[in-house]
Structures are given as structure tokens and as C-alpha cells.
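Before any comments, here is the structure.
Bear in mind these aren't lab numbers, they're just calculated from the coordinates by the rules spelled out. Note that this is a predicted model, so its numbers are computed, not measured. Here the Cβ positions follow ideal geometry from the backbone for every residue, glycine too, while neighbour counts run over all protein chains shown.
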Amino acid sequence: MTAPAAIIQPPHPTPAIGLGDSVPRYTSYPTAPHFHPGVDAITVRGWMDALEGDDEISLYLHIPYCDRLCWFCACHTKQTRHYAPVATFLRSLHKEIETVGGLVNGRGRVRAVHFGGGSPTMLKADDILTLGKVLRDRFDFLNDASLSVEIDPNDMNEGRLDAFAAIGMTRASLGVQDFDPKVQKAINREQSFALSKSIVDAVRARGVRSINLDLLYGLPHQTLKSVATTVMQALTLAPDRLALFGYAHVPWFKKHQTMIDKAWLPDSAARLAQSQLAARLIVDAGYDALGLDHFAKPQDALAVAARAGKIRRNFQGYTEDQCETLIGLGPSSISRFRQGHAQNIVATGEYEKVVDSGQLATARGIEFSLDDLARGWVIERLMCSFAFSAIELVERFGTVGQTVLCEASRLAISGAGQLLRLDGENFVVPEESRPLVRTVAARFDKYLNNGTGRHSPAV
Ligand SMILES: C[S@@+](CC[C@H](N)C(=O)[O-])C[C@H]1O[C@@H](n2cnc3c(N)ncnc32)[C@H](O)[C@@H]1O
Ligand code: SF4
């Protein structure tokens, strides 16, 4: 269910205001384009030193390879037809785990592990087992730690499934995108419904209780009818969660997307109609709508967290994970500590050189100011619940919170309540403006005027 958090690295030109405009996806605040090299390995060592014994930690492992390249993909990955580069990378990843585990030094307990990429499912079964062992040797795991894996169904076989099950897989997220052969051909992602179904069944047969499917709208040749057909087919698999992402066409950032002719893409009005139809079908089937683009069965942990106002947003998208510390491993991965964000070197070769020498692979990051924390809290609450409490904002952040509160009041008054309105003690994004919640969040983003890059459309 991970959206490619790293999609939108370049900074943003102007504050965005409407449908079709470009805005960050706000999987973090400040967003990655504002990270800088002033945060380095020494800074991150200090942050790791400050961890405490009972802190709960989430680990994210980024596997930067795939055995094929889908034209739509905006993830940080590289195609390889041979396993040798993957084996070399894994040796470096083990070294990084050893280094980070040594610095964490028994402080903190692992609550959640997430394997993402790229394609974790292109690892050989023995390598999956070894990776699981290396992690458990270097970190203390809570007994009920969760372990989720992004699965490309085309890669999966019995051996890999058994290996992930053996290292404790509790959740699986399958990339489906769309079942229409014409759409699949245009995105170079041919994957039959029968294959997806067989992997869902095989994952369930191994006792995995939580299955997510990733679907996309806004893809080449998609129509309302084809999106509806895909959604209905996906629902027959009874996933516990569904993620419905808008295709981000960013060819200036991902060259292979030039294989997708812009003329084949639905326009912003069609994208909005597709997302609304898909959402309605999913909700009518009994799922709760969560945040901007997720759905879950009411009894699923994510839906339970949402009802308790505890759903969170991090680099992996929406999560019920409450850990304050997220440690990213692998090239381009992003960590979050109480003090700030840090991102690893993006280029795999350079990452390998640095971690092989026993160093942390930190390339850049940002240390939080109180203003960042207050705005980050508001943006996260808006992205997760479309609302935030004025009282909680001031209680948490004092005078800095009051400044942000004044901005919220001005936005509510100047926009005549269209984007944000005060309802009791809560600022709320009205129902009809929810598809534009990224635009509302952007109004609280102090960094938006500073950049020169481009993001994906708001819807
Ligand atoms: C790391 S990728 C997929 C994992 C696995 N390799 C697979 O393909 O199934 C995670 C998800 O990001 C989403 N994604 C990738 N590129 C995207 C794009 N350009 N716009 C929106 N979502 C995208 C897809 O839904 C994909 O399933
Ligand atoms: S397999 Fe997944 S990560 Fe790899 S190119 Fe396709 S969508 Fe991207």
C-alpha cells in the first residue's frame, strides 16, 4: 500500500490552489525537497544516541531493484535482468543493518517492519530468510511486531511466499493497478486477474490476515467503465484494505514514463470522476474511506485506528503505526526521529560504497523547528482526518501553535469556508473539498515558495 513517497523529490514552484494543480503528497513535513546536507551521518548518530529503551521503532527496508520496469512507476528502482547486483546490494544492506543496529545498541524495540521498493519479491527465498535473521540478530523485536511486504504478483512463487511467511509476514500489499488488458499493455504491466487471485489465496493460506491491493486511476486509456470493472473485480478478492492512488505522471523525474503518451491520459475532470466512482463503489461494498486514498474493512486495524483519531501518515502512506521513530534502510530510504528527518544516499552504487566502509548512508535531512512540528501536525491531521482541533494545536505548540491558528482562521474567513471552516473547536475541510485536501494542507506549508521543481496533480 505504499505510494512512492519518493516520487516527488524536486521542490515546488508556487502554492497550488485548484484541481489539476501540483502539490506535494505530504507523506512528511517538511517535504523531501527541503532536506539539505547539513543533516549528515554525525547528526543522525546523535539522534540514534538519544533513543530510549522503551521507544518503539519501525523499520523500512528499501529494495531498489525490479526484474522488469513498469512504465507508470515513480518508485526509486532499477531494472536488472541478473541477480548479481541484487546479491551485492544485499551484502551492503546487511552491513548497514549491522552498523545501525550497533548505534541503536539495544535501545528501542521493533514494533513494525516494512519491506518496500522496488520489488522485495524479487529476492531469492534463501536471501529473504537470511535478511529476516540478520534483522532479528541486530534489533530487539516486540513479540507481536508486524511485518509487511510489498508484493509484485508476477515475481511470487511458493519458495518466496514460504520464506516471507517464515520470517513473520503479517501483512501483504499486492500491486494490482488495473485489470484491463489495454491499460496494462500501455503501462507495461501485464498481470492477469487469475494471477492476482492465486497470490491473494496463497498469502491467505499462509495465515496472513491483512491483505491490501493497490489500484490506480488516471492511467492511460482508463475510462469510468474500465475503472469500475477493475474495482468490482478487486472487491471479489475481499481485500482487507485498498489503496486508490492517482497516477502521478512525472516524466521529467522518471524518464521511462515518456513511454506513456500524454494524449492517452484522462484529464483532471476525468481523473476526479474516476476517483469518485471508484471510491463510491468501494464504500458501497462496506469499506470505510480513510484519509485521501485508502479504504479498509471496518474491523481492519487501520479503520479501527481511524475511528479512534489515531491514523498516521508517513513515508509509506497511511498507517496505524504509532512509532515516533522510523528507521529507513537501503538507498533513498527516509528515516524519521523525534529531532528530524534523514534520507539515505539515493544512488545504489554510492550507498554501497559508504555502508561497506561501516558508515551511515545519510545524505541529507532536516532538523525540526517548533514551527515545522506545529505545521507538520496540522498537515498530518488534515491529510488523515480532514480536520484538526484548535485547542489541541495551541496546547501542543503554545505561541507557535497560535500563529498557525491565526493562519487557519484567515483561510477559513478569506475562503468563505470553502476550503476550511470552523466547526466547534475543530477546523474542518468540508466534504466537497476533501479531494483537494493536499491543496488545503499546502496553505500551511511554509516552504512552498522556496523551490523550483514540480509535483503531481492535486487530484
Ligand atoms: C513500490 S510500488 C509496488 C511494489 C511492487 N513492486 C509492485 O509493483 O507490485 C508501490 C505502489 O506505488 C504505486 N505507484 C507506483 N508508481 C506510481 C505513480 N507514478 N503514481 C501513483 N502511484 C504509483 C503503485 O500503486 C504501486 O503498487
Ligand atoms: S514492479 Fe513495482 S516497483 Fe518495479 S517498476 Fe513495476 S511498479 Fe515499479
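Relative contact order for segment 272-389: 19 percent, from Cα pairs under 8 Å spaced at least 6 residues apart, divided by residue count.
Given 0.36 nm per residue, what is the gain on full extension from residue 41 to residue 126 after removing their alpha carbon distance, in nm?
Here the segment from residue 41 to residue 126 would lengthen by 27.5 nm.
Between residue 280 and residue 201, the distance separating the two model label sites (each 7 Å from Cα on the Cα→Cβ line) works out to 3.3 nm.
Based on the Cβ-Cβ distance of residue 82 and residue 416, what FRET efficiency does E = 1/(1 + (r/R0)^6) give at R0 = 56 Å, to the nearest 0.05?
Once the sixth-power term is evaluated, E becomes 0.40.
Once Rg and the Kirkwood radius are both taken over the C-alpha atoms of segment 262-327, their ratio Rg/Rh works out to 1.09. The simple spin-label model puts a point 7 Å past each Cα toward its Cβ; for residue 402 and residue 50 those points are separated by 2.6 nm. The simple spin-label model puts a point 7 Å past each Cα toward its Cβ; for residue 389 and residue 192 those points are separated by 5.3 nm. The relative contact order of segment 51-336 comes to 21 percent, based on Cα pairs under 8 Å that sit 6 or more residues apart.
Legend: Rg and Dmax of the chain, from Cα coordinates, 21.1, 60 Å. In terms of surrounding Cβ atoms within a 10 Å radius of their Cβ, 262, 254, 124 rank from fewest to most as 262, 124, 254.
Report the FRET efficiency, 1/(1 + (r/R0)^6), for residue 264 and residue 228, where r is their Cβ-Cβ distance and R0 is 22 Å, rounded to 0.05. For residue 264 and residue 228, the calculated efficiency is 0.70. Longer than 32 Å from Cα to Cα, which of 95/262; 124/225; 255/353; 78/182; 95/254 are they? Say none if no pair is. Result: 95/262; 124/225 exceed 32 Å. Which whole-angstrom value gives the distance between the alpha carbon centres of segment 202-255 and segment 264-291? After rounding, the separation between the Cα centres reads 11 Å.
In a shell of Cβ-Cβ distance under 10 Å around residue 184, excluding residue 184 itself, what net charge do Lys and Arg (+1) and Asp and Glu (-1) give? Neighbour charge sum, excluding residue 184 itself: 0.
Taking K and R as +1 and D and E as -1, what net charge do the other residues with C-beta under 12 Å from the C-beta of residue 122 add up to? Computed value for this residue: 0.
Length available on full extension from residue 324 to residue 353: 0.36 nm per residue minus the Cα-Cα distance, which gives 7.5 nm. Other residues whose C-beta falls under 11 angstrom from the C-beta of residue 150 contribute a net charge of -2, scoring Lys and Arg +1 and Asp and Glu -1. Our coupling estimate for segment 182-196, obtained by passing each phi through the Karplus curve with A = 6.51, B = -1.76, C = 1.60 and θ = phi - 60°, is 5, 5, 4, 5, 5, 10, 6, 9, 8, 7, 6, 4, 4, 5, 4 Hz, Gly and Pro reported as x.
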